[in-house]
Structures are given as C-alpha cells and as structure tokens.
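Colleague: If you scroll down you'll find the structure; I have some questions about it.
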Amino acid sequence: MAPLLLQLAVLGAALAAVALILISFVAFITATEMPHLHRHEDEKFFLNARVQREALPSIRDSPTKQLSVVVPSYNEEKRCKPYSIFLKQDPTFTYEVIVVDDGSKDETSKVAFKYCQKYGSDKVRVITLVKNRGKGGAIRMGVFSSRGKKILMADADGATKFPDIEKLEKGLNDLQPWPDQMAIACGSRAHLEKESIAQRSYFRTLLMYGFHFLVWFLCVKGIRDTQCGFKLLTREAASRTFSSLHIERWAFDVELLYIAQFFKIPIAEIAVNWTEIEGSKLVPFWSWLQMGKDLLLIRLRYLTGAWRLEQTRKVN
C-alpha cells in the first residue's frame, strides 16, 4: 500500500509540475506589451469652465498644486460627488480634482462638468476617454495629467470620506526620509473585516479569503487590503509605478503595489473609514475570478521575463 501511495504522490507532483510549466508557457506567449501610453487626440485636452479646449499638463512637468485627486468614473452620473467641497478649505492649500470618464455610456461627463463650471477648471477638470480602458487605465490617464506634489486616488462613490486624507498624509510623512522622493500610503479596510464577514455569505467570505491568500502568495507581502480605492502617492512614486503598469482593470492595485515593492518604495497601510455604497461595478464571483487569473498571470509573466520592470519609461 505504501509504495502505491508513494507512486501516486510522485505522479501527482509530476503532473502539477507539468501543469505549472504549461501555464507559465501560456502566460509567456500570451503576454501583451505594456498598454500604449499614448492618448487619442481628443484625450490630450480638457474643457475649461468657458467650454474652451485647453491642453492637459504632464506628470513630467513640475508640480503646481499641493494635491491632485484622481477620480475614475464609469457610468457614475448618479453617484458622482462634488469632491472639491470635501477638500481642505485653507486658502493656502492648492488642489485639483480630476474626474476621468472612462468611456461612460451615460451622462457622467456632463454631470462632472457642472462641478467644473461651478468651482472653476483650475480646481475641477474632466477628462473624457474615447473608449473604456478599465479603472487602472483611467486612473493612469488622470495621474499622467496631474499637477500635484501628491496624488490621491479616490473612488467616485465616495465610500471613503475625504477627511481621512489627513490620516494618509500622516502615514506618508511617517515614512520619511523618502528614497528618491517616493512613498505610498494605502487606505485600508482590514480593520472592518470582522464586521463585513458578519454581513456576507460563507461563499463570499471564502472568495475573499482565497483572494487575500493569492495576493500574499503570488504578489504583495505585508499589505492586508490592496483593493481599497483610497491611495496617496508622492508625484515621483506615481510616475514610477504607473509608467510600469500592465494591468488596467480590477487587479491593477495589486500590480501597482508589486511594482512599488520591486522598486523598494516605502508603503504605509492606514485604516480609514469606509461605507459600502450601492451601485458597485464589481460582480463578486466573476470579478474575483478575473482578478485571481490576473494575479497568477502577473506573477508568472514577471517570473518568466515576459514583463520586465525598467527604472524609467517615457510617458507620451
């Protein structure tokens, strides 16, 4: 009996090794080049409050604001928030809110543009993408058009409240000295996990734990909540990480932090207040299945050299 069990174990290990080799081969040959960083001609401009076209700035330019808030938005006409009124009211504090309409099929751009007309295009700008790129792609386009010394990623539904930015700022400052002026503070909902589990089905809880394990095992160590959409980056960290990003949809946060850890960019995880808002685009089973596949592909494609991280990359 023992020899048979040993043979079965050896056979199982051999099959697992062959399967891993095949999956790695498929991951390598199906790896696409980094998504094009160039913009469609219409994406190089924004409409100012007088409905005139102005050229967008570049992240390669010197910063002229203390903070840029990048808000990816897809079919968010009913949930689009007037973010500027939540920001600091200190007149010496300079900021901008960049709403990136990710190829919406509703009136997201028109709703967001009303805030531009109300507060002025120096504070609120709307970038309308010609086609849907995915959340990560939309944020990247906003980041590359930002003017802030620091850049905040924030979801359009306002699930995380803006006063919590002060927590992220403190977490960022506590990481000093920043190597090459690079640092990242990630908002985290990990402290709310017990409460959320009580409201979820066993199946969704199992999916959540499975996803967290894959994130830890394959890509990112030491960060309990990689998916919170509230992240604060120094301008240099945003330029370095987003210039190297391949994934443009749900799992982009994981690759972003994988890149940051590769470049040894210090990361702080900060507990923030969070409220679930109805209307999420995330479909629990299928979205998590897609993210699980992306996590495996991220690890294998970097491991096999299909994707490589470079110290610098030109942004067009």
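The values are calculated or read from the model by the stated rules, or taken from the named source; none is laboratory data. Quantities reported herein were computed from a predicted structural model and do not represent experimental measurements. Note that each Cβ is placed from the backbone with ideal geometry, even for glycine, and that neighbours are counted across all protein chains shown. Side chains are part of the model used for accessible areas, which takes the heavy atoms of the whole protein and leaves out ligands, DNA and RNA. Shrake-Rupley method; radii C 1.70, N 1.55, O 1.52, S 1.80 Å.
Colleague: Only one of these conditions is not met by residue 98: (1) buried (at least 18 other Cβ atoms within 10 Å of the Cβ); (2) assigned to a loop (DSSP other than H, G, I, E, B); (3) at pLDDT 90 or above. Which number is it?
Modeller: (2) is the only condition that residue 98 fails.
Colleague: Considering each residue of the stretch 132-164, count those that are in contact with a strand residue (DSSP E or B) (Cβ under 6 Å, 6 or more places away or on another chain), assigned to a helix (DSSP H, G or I) and open to solvent by 10 Å² or more (accessible area, probe 1.4 Å), and give that number.
Modeller: Of the residues in that region, 1 qualify.
Colleague: Which of the residues that make up the stretch 118-131 are of a type in the set (Lys, Arg) and in a loop (DSSP other than H, G, I, E, B)?
Modeller: First, pick out the residues of the stretch 118-131 that are of a type in the set (Lys, Arg): 118, 123, 125, 131.
Once the filter is applied, which keeps residues that are of a type in the set (Lys, Arg) and in a loop (DSSP other than H, G, I, E, B), the stretch 118-131 yields 123, 131.
Colleague: When only residues in the stretch 258-299 that are modelled with pLDDT under 75 and of a type in the set (Asp, Glu) count, which is farthest from the chain's Cα centre (by Cα)?
Modeller: Among residues in the stretch 258-299 that are modelled with pLDDT under 75 and of a type in the set (Asp, Glu), the one farthest from the chain's Cα centre (by Cα) is 278.
Colleague: Is there a residue in the stretch 33-55 that is modelled with pLDDT of 85 or more and among the polar types (S, T, N, Q)? Reasoning before the result, please.
Modeller: Here is the first cut: in the stretch 33-55, the residues modelled with pLDDT of 85 or more are 40-55.
Checking which are among the polar types (S, T, N, Q) leaves us with 48, 52.
Yes; the residues of the stretch 33-55 include at least one that is modelled with pLDDT of 85 or more and among the polar types (S, T, N, Q).
Colleague: Here's something else I'd like to know. Considering only residues of the stretch 115-131 that are closer than 14 Å to residue 103 by Cβ and modelled with pLDDT of 95 or more, which is most open to solvent (accessible area, probe 1.4 Å)?
Modeller: Applying the first criterion (closer than 14 Å to residue 103 by Cβ) to the stretch 115-131 yields 126-131.
From what's left, modelled with pLDDT of 95 or more: 126-129.
On the way: 126: 15, 127: 1, 128: 66, 129: 5 Å².
My answer is 128.
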